[in-house]
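Just so you know, all these numbers are worked out from the coordinates, no wet-lab data involved. Because the structure is predicted, anything quoted here is derived from the model rather than measured. All Cβ positions, glycine included, derive from the backbone under ideal geometry; neighbour counts span all protein chains shown.
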């Protein structure tokens, strides 16, 4: 039977969304292979990942996210905004709702201008929570030298490495080549997404190599949070900042709660087209 889907993107980070709220479309054991085929840009729909909207016993709705290589990820900042708009337009949730994710419950709010605000939860700075091998601490942030770069790391739902570079160098940087040794460093037991960022005094420009996609994407929500969180901790920026990516802008806000840093992101979630899968090879 043809499988209905919706293609969406958040700042150019694109996803194929499937509605499993009322029935299972793809069995659990088949999901990884199914996602790999769907996300193939030559033989499938094409996307950085796939999203399954499901019922939840712990929240209003459940967010399942798979990278394009078929691996399931704990969280995706751009993906969950698309998920939120999809669930809202299907009538499964109201303007404000909670979503179950592998990185915990998230609070979301959908606005009339197609933007979505996401409570990303707490930023984790400890090596154990990243997870990472022991490194030095810079203003309470894990740090180590990898391939000649000073690399900071945090967990914003998934592990993220952050490298600050000159803005002109960042524009010319071969992100795929330079990021791989950091992404696969033995210091990160589960690997890490790698963000290269520069700050112009008002906003960040960020380019991200994503684990599971194994390439640079046009935007990364959890990566944008990671950059601002690290930047704030080391005194580079304040607790509210605009992050510019190749796919668009995100607003990242941080607030201190019970001695921990909580993050929020706001950005667009765009529906591109709807369709039906007839055959996958």
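Starting from the alpha-carbon convex hull of the chain, give the projected area averaged over all orientations, in nm².
Taking the Cα atoms of the chain, their convex hull projects to 14.5 nm² on average.
Would you calculate the separation in nanometres between label points at residue 150 and residue 214, each defined as 7 Å from the Cα along the Cα-to-beta-carbon direction?
Those two pseudo-labels are separated by 3.3 nm.
Counting pairs of alpha carbon atoms under 8 Å apart in space and at least six apart in sequence, what relative contact order in percent does the chain give?
Working: 696 pairs, mean separation 60.2, N = 281.
The normalised contact order for the chain reaches 21 percent.
Order by neighbour count: 175, 243, 206, fewest other Cβ atoms within 10 Å first, most last.
Numbers: 175 17, 243 27, 206 24.
In order of increasing Cβ crowding within 10 Å: 175, 206, 243.
Compute the long axis of helix 77-89 from its Cα atoms, compare it with the longest principal axis of the Cα atoms of the chain, and write down the angle in degrees, 0 to 90, nearest 10.
The answer is roughly 30 degrees.
Counting other C-beta atoms within 10 Å, which of 9, 160 has the fewest, and how do the rest follow?
With the fewest neighbours first, 9, 160 line up as 9, 160.
Extension gain residue 171-residue 95, at 0.36 nm per residue separation less the Cα-Cα distance, in nm?
Computed gain between residue 171 and residue 95 is 23.6 nm.
Once the Cβ-Cβ distance between residue 276 and residue 69 is put in as r, and R0 is 25 Å, what FRET efficiency do you end up with, to the nearest 0.05? Write out the running numbers ahead of the final one.
Working: r = 24 Å, r/R0 = 0.97.
Calculated value: 0.55.
How long is the gain from residue 30 to residue 180 if the chain were fully straight, where each residue apart is worth 0.36 nm and the alpha carbon distance is subtracted?
That works out to 51.1 nm of additional length.
Could you work out how far apart the two model spin labels at residue 190 and residue 136 are, taking each label as a point 7 Å from the Cα in the direction of the beta carbon, and quote it in nm?
In this crude label model, residue 190 to residue 136 measures out at 2.7 nm.
Tilt of helix 221-233 relative to the longest C-alpha principal axis of the chain, in degrees (0 to 90, nearest 10)?
Tilt of helix 221-233: around 20 degrees.
Scale the Cα Rg of region 73-153 by the rule-of-thumb value 2.2 N^0.38 Å and send over the ratio, two decimals.
1.45
Over all distinct Cα pairs, what is the inverse of the mean 1/r for region 122-262, reported as the Kirkwood hydrodynamic radius in Å? Don't skip to the answer; put the middle values down first.
Numbers: mean 1/r = 0.0682 Å⁻¹.
Result for region 122-262, one decimal place: 14.7 Å.
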